[in-house]
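Take a look at the structure below.
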Amino acid sequence: MPTKIEVLATLQLVDQSLRAKTRAVAEGEGRVAALEEAVSAQTAAASAARVELAALGARQRDLEGRLAAAEAKMKDRRMRMTRIRNDKELGLARREVDLLKEEIGTLETELMAVMEQVEGATAKLSGLAAELARLGAERDREASELRETLARLSGEIERERATRSELVQTIDGDLRRKYEMIFSRRGGLAVVEVRGGICQGCRMRVPPQLFNQIQRNAEVILCPSCQRILYATRDPCLGSEADASVERSVGSAEAVPRPAKPARQN
Ligand SMILES: [Zn+2]
C-alpha cells in the first residue's frame, strides 16, 4: 500500500505528462492562430496594395490620354500654322503651340513619375503576394502538424485524465489542493526527492532533523527553502536512504548553516 506522499509522487508523474501534452497542443494552436493572424494581415496589405496599384494605373491611363490629346492638338495647330498668312493670327497660333508644348512637357513629367510609382507598387505587390504565399504554406503546415499532434495526444490525454481522477480519489481533499497549488506555483514540480540530503527541487540542504520523517513518506514535510513536498525514494539502489544516513553521521560537521542562496525558481 503506497503512502499518501508516494501516491502524490505518482500523481505528479501523470500531471507532468498531462501538462507537457496539453502544452504541446496549446503551443501548436498558438502557432496556428499567430500564422492565421499574419495571413489575414498580409492579405489586407496585399489587397490595399492592389487598390493602390489600380488607382495608379487609372492615373497613368488618364495622363496618357491627355498627353495623346495634347500632342494631336499640337500637330493640328502646326498644320494650321502653315496655312496662316495673317501675322496677328500667326502670333496667336504660335502662342497656342507654345502653351501646348508646355502642357505636354508637364504631362510627360507627371507621367514619368506615375510610371515610376506603378513600377514601385507592382514590386511591392509581388513582394506581399510572395510573403502571403509563404505564410499560407507555413500556416497549412502548422495546421496539419497540429492535427497530427491532436490525433497522437488526445487519446493519451484522455487516458491520463482517467488515471488522474482514479488517483485523486485516494487522496484527501486538503492534501490534493495543497499539492495542486504547489504544482502550479512551482513550475510543475510539487513533490521532490531528497537525494544526498539535498532537495532536488531547489538544491538546498535539508535540515538533518527532518530526514527520519521524510524516509517514511507518511507526512507532508515541506522543504524549508522551496516549500515543495519532500519525498524519499524507497529503492535503496537510488541511494536515498544510504545518503541520508551518511548525512546524519556527518551531520555535526555539516551543521554549520550554508550561506543562504535564493531558492531556484522553476
Ligand atoms: Zn527545496
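Taken over segment 44-57, residues that are loosely packed, with under 15 Cβ neighbours inside 10 Å and closer than 22 Å to E138 by Cα amount to 2.
Taking residues in segment 129-145 that are open to solvent by 60 Å² or more (accessible area, probe 1.4 Å), and partners anywhere that are in a helix (DSSP H, G or I), the pairs with Cβ atoms closer than 8 Å and at least 6 places apart or on different chains are E131/Q42; E145/G28. Scanning segment 82-114 for residues that are surrounded by 15 or more Cβ atoms within 10 Å (Cβ to Cβ) and under 60 Å from the mean Cα position of the chain (by Cα) yields a total of 6. The one condition from (1) closer than 21 Å to A143 by Cβ; (2) open to solvent by less than 20 Å² (accessible area, probe 1.4 Å) that E29 does not meet is (2).
Exactly one of (1) within 30 Å of A54 (Cα to Cα); (2) surrounded by 12 or more Cβ atoms within 10 Å (Cβ to Cβ) is unmet by A72. Its number? A72 satisfies all of (1) within 30 Å of A54 (Cα to Cα); (2) surrounded by 12 or more Cβ atoms within 10 Å (Cβ to Cβ) except (2). Going through V168, V206, V220, V191 one at a time, which residue ends up being open to solvent by 40 Å² or more (accessible area, probe 1.4 Å) and in contact (Cβ under 8 Å) with a residue 24 or more places away in the chain? Matching residue, one of V168, V206, V220, V191: V220.
Only a single item in (1) within 14 Å of the ligand (Cβ to nearest atom); (2) under 37 Å from the mean Cα position of the chain (by Cα); (3) of a type outside the set (D, E); (4) at pLDDT below 95 is not met by R258, and it is number (2). Against the numbered list (1) farther than 15 Å from L13 by Cβ; (2) part of a helix (DSSP H, G or I), G187 comes up short only at (2).
For every residue, the table says whether it meets (1) modelled with pLDDT of 95 or more; (2) within 39 Å of the chain's Cα centre (by Cα).
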{"site": "E160", "(1), (2)": "yes, yes"}
{"site": "G173", "(1), (2)": "no, yes"}
{"site": "L210", "(1), (2)": "no, no"}
{"site": "D235", "(1), (2)": "no, no"}
{"site": "G239", "(1), (2)": "no, no"}
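Each residue in segment 1-40 was checked for being more than 22 Å from the chain's Cα centre (by Cα) and either in a helix (DSSP H, G or I) or closer than 21 Å to G155 by Cα (or both), and 14 pass.
The values are calculated or read from the model by the stated rules, or taken from the named source; none is laboratory data. None of the values given here were measured: they were computed from a predicted structure. So basically every Cβ, Gly included, is an ideal-geometry build from the backbone, and we count neighbours across all protein chains shown. Note: areas computed on protein heavy atoms with side chains; ligands, DNA, RNA excluded. Shrake-Rupley method; radii C 1.70, N 1.55, O 1.52, S 1.80 Å.
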